[in-house]
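The values are calculated or read from the model by the stated rules, or taken from the named source; none is laboratory data. Quantities reported herein were computed from a predicted structural model and do not represent experimental measurements. Glycine also receives a Cβ, built like all others from the backbone with ideal geometry; neighbour counts cover every protein chain displayed. With ligands, DNA and RNA removed, areas are computed over all heavy atoms of the protein, side chains included. Shrake-Rupley method; radii C 1.70, N 1.55, O 1.52, S 1.80 Å.
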Amino acid sequence: MGLVAPYADGDTVRRVTITDLLDAKTRSEHWPMLTAYDATTARIFDEAGIPVLLVGDSAAMVVFGFDSTIPITVDHLLPLVQAVVRSSKRAMVVADLPFGTYQESPEQALNTAITFIKDGHAHAVKIEGGEHVLPQIQALVAAGIPVMGHLGLTPQSINQLGGYKVQGRGEDGEKLIRDAIALEKAGAFAIVLEVIPAELAARVRDAVSIPLIGIGAGNSTDGQVLVWQDLVGLTVGRTPKFVKKYAEVGDAIRSAVAQWSEDVVSGAYPSDSNSYH
């Protein structure tokens, strides 16, 4: 059976593990990862067979209304992680470590990760950065916590990067490859590559043996991840070039709400069939 495995209510299933992801890579199997922040969508994505769900710090924008990922805290994310884990049966649930909760020291990173693993029941955590976070990754892996890396456009460093721009061009590409190799050596089980040239992602693939997950990184990675609101047309305003909309759910919701509102105003809702006697 492949890594993407939809199931029906009542089916016996087990959680996807980091070994499953590595096995999929050896089979040259591509697989999807989606963000999830609540019980309803987590259940739907899980039943659809999505093998990895990311409770991303992108919740800062799409759930809490901030203008970047930087303000989000552990207290914001922890209940979202708990909800996604409770509402899924098969997917591996990965929790983002928020900005400011791991950069200070390996000890700080370990304390934050333990909170997400022990209290949130996440199965892995994700950390942004290259060489400068190697001690943190090593400390987490030594404690038995699976770590997903993140290179390229790292949203928590957006102020230093000068905006949401393509990363890894020129000499920066060589550094990114070195960082990827270092993350693997430190024990990361997978790496997200965000908004980098497709050709660079292919070079990273040839340089490491762990799974790579792309978001704006071309088609040579093992997995692909998107913010689910971007995927279904719920995002307001411009979306990045790498986003492909597969539905216009926002339009459908607006239409349904408008129709219901009209029925309430006119008295057509609730009708006799919507009332108790």
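The table that follows gives values for the structure above.
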quantity	calculated
Contacts under 6 angstrom Cβ, first residue in region 153-178 being farther than 18 Å from E131 by Cα, partner assigned to a loop (DSSP other than H, G, I, E, B) and open to solvent by 20 Å² or more (accessible area, probe 1.4 Å), 6 or more apart	V166/V195
So H132, is it of a type outside the set (F, W, Y), in contact with a helix residue (DSSP H, G or I) (Cβ under 8 Å, 6 or more places away or on another chain) and either over 14 Å from P98 (Cβ atoms) or surrounded by fewer than 24 Cβ atoms within 10 Å (Cβ to Cβ) (or both)	no
Residue check for D20: assigned to a helix (DSSP H, G or I), over 19 Å from A113 (Cβ atoms) and not polar (S, T, N, Q)	yes
Selected residue [of a type in the set (S, T, N, Q), in contact (Cβ under 8 Å) with a residue 12 or more places away in the chain, surrounded by fewer than 23 Cβ atoms within 10 Å (Cβ to Cβ) and in a helix (DSSP H, G or I)] from Q103, Q82	Q82
Which numbered condition G170 misses (of (1) surrounded by fewer than 19 Cβ atoms within 10 Å (Cβ to Cβ); (2) more than 30 Å from F66 (Cα to Cα); (3) at pLDDT 95 or above)	(3)
Single residue of R43, R90, R14 found to be surrounded by fewer than 16 Cβ atoms within 10 Å (Cβ to Cβ) and over 15 Å from the mean Cα position of the chain (by Cα)	R14
Matching entry among I50, I70 (being farther than 22 Å from L153 by Cα and assigned to a loop (DSSP other than H, G, I, E, B))	I50
Total residues in region 257-274, condition open to solvent by 60 Å² or more (accessible area, probe 1.4 Å) and hydrophobic (A, V, I, L, M, F, W, C)	4
Only one of T12, T40, T17 that is among the β-branched types (V, I, T) and without any contact (Cβ under 8 Å) to a residue 24 or more places away in the chain	T12
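Conditions (1) outside any helix (DSSP H, G or I); (2) more than 16 Å from I50 (Cβ to Cβ), marked per residue:
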residue	(1), (2)
G214	yes, no
S220	yes, yes
D230	no, no
K241	yes, yes
Y246	yes, no
I253	no, yes
